[in-house]
Amino acid sequence: LAWSPSGATLLSGDAKGTIKYWESTMTPVNEIVETHGGQAIRELKFAPTNAKFASGADDGTVRIWDWENLIEERMLAGHGWDVKALDWHPKYGLIASGSKDNQVKLWDPRKRTALATLYGHKHTVMKVKWNPINVFWLLTASRDQTLKLYDLRVLKNAETYKGHNREVTACAWHPASERLFVSAGYDGTLNHWWAGCEEPIHSHQ
């Protein structure tokens, strides 16, 4: 699911590759069937404006769409397995994607080749999240039970956060506090973190 930046419309994707466009009243307006070769849609994200959106799916690709016409503009292929996560940078023309191939890739949505590939995780990457305040920070969550914080200025030196006993399935930045983020995992734990601190500052079960 993905709300448009204006909050007026919603996108949804299903297990058969169908992308639907909904009004805020939850009335379906339009749909695109069998995108990504009919493979399951795993994530949808709008560009900072309403002009475009991106989809990631089990066919291993990220696709860029024209929002007004609901037309596929470009396919970004480079992952070796399912794309499980993606996020569009809140300010720049930059997309991050995470995959079952354990990799995180950075893309220019105008081009078909990845700008960079990050190999920090040892299992499926489940979430990727740009920091809404610090434009250089990218947070990733993986089934290897860790989170990693990448700085675009020094991509090879990611900070690693270990606080879950099973796969980490979700993460999110606080919208107003630059260094605060949360993570959740199959161990039933919700951890609060402060960027730069190795241990969670609080945990809930």
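The values are calculated or read from the model by the stated rules, or taken from the named source; none is laboratory data. A quick note: this is a predicted structure, and the numbers were derived from the prediction, not measured. Note that each Cβ is placed from the backbone with ideal geometry, even for glycine, and that neighbours are counted across all protein chains shown. The accessibility values were calculated without ligands, DNA or RNA, using every heavy atom of the protein model including side chains. Shrake-Rupley method; radii C 1.70, N 1.55, O 1.52, S 1.80 Å.
Okay, here's what the table says:
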item: Whole-percent carbon and sulfur share, accessible surface of the chain, 1.4 Å; result: 49 percent
item: Net charge contributed by nearby residues that have their C-beta within less than 14 Å of G163 (K/R +1, D/E -1); result: -3
item: Accessible area (Å², per residue) of segment 41-179, counting only protein heavy atoms and a probe of 1.4 Å; result: 45 Å²
item: Aspartates and glutamates whose Cα lies under 20 Å from that of K52, excluding same-chain neighbours fewer than 8 positions away; result: D14, E23, E31, E34, E43, D66, E68, E72, E73, D87, D108
item: Rounded to the nearest 20 debye, dipole of segment 106-191 from Cβ charges on Lys, Arg, Asp, Glu; result: 300 debye
item: Loop-resident sites, segment 74-127, for trypsin sites (Lys or Arg not before Pro), counting at most 16 other Cβ within 10 Å (DSSP); result: K91, R110, K111, R112, K122
item: Estimated distance in nm for a label pair at W81 and V33, the labels positioned 7 Å out from Cα along Cα-to-Cβ; result: 3.2 nm
item: Neighbour net charge for G120 - beta-carbon separation under 11 angstrom, K R +1, D E -1; result: +1
item: Listed pairs K20/K100; K45/K122; K20/K156; K20/K127 exceeding 32 Å between Cα atoms; result: K20/K156
item: Inter-label distance for S12 and Y92, nm, one decimal - labels placed 7 Å from Cα along Cα-to-Cβ; result: 3.5 nm
item: Separation in nanometres of the label points that stand 7 Å from Cα toward Cβ, at H202 and K162; result: 2.6 nm
item: Gain on full stretching of the segment that runs from H174 to N50 - 0.36 nm per residue minus C-alpha separation; result: 42.3 nm
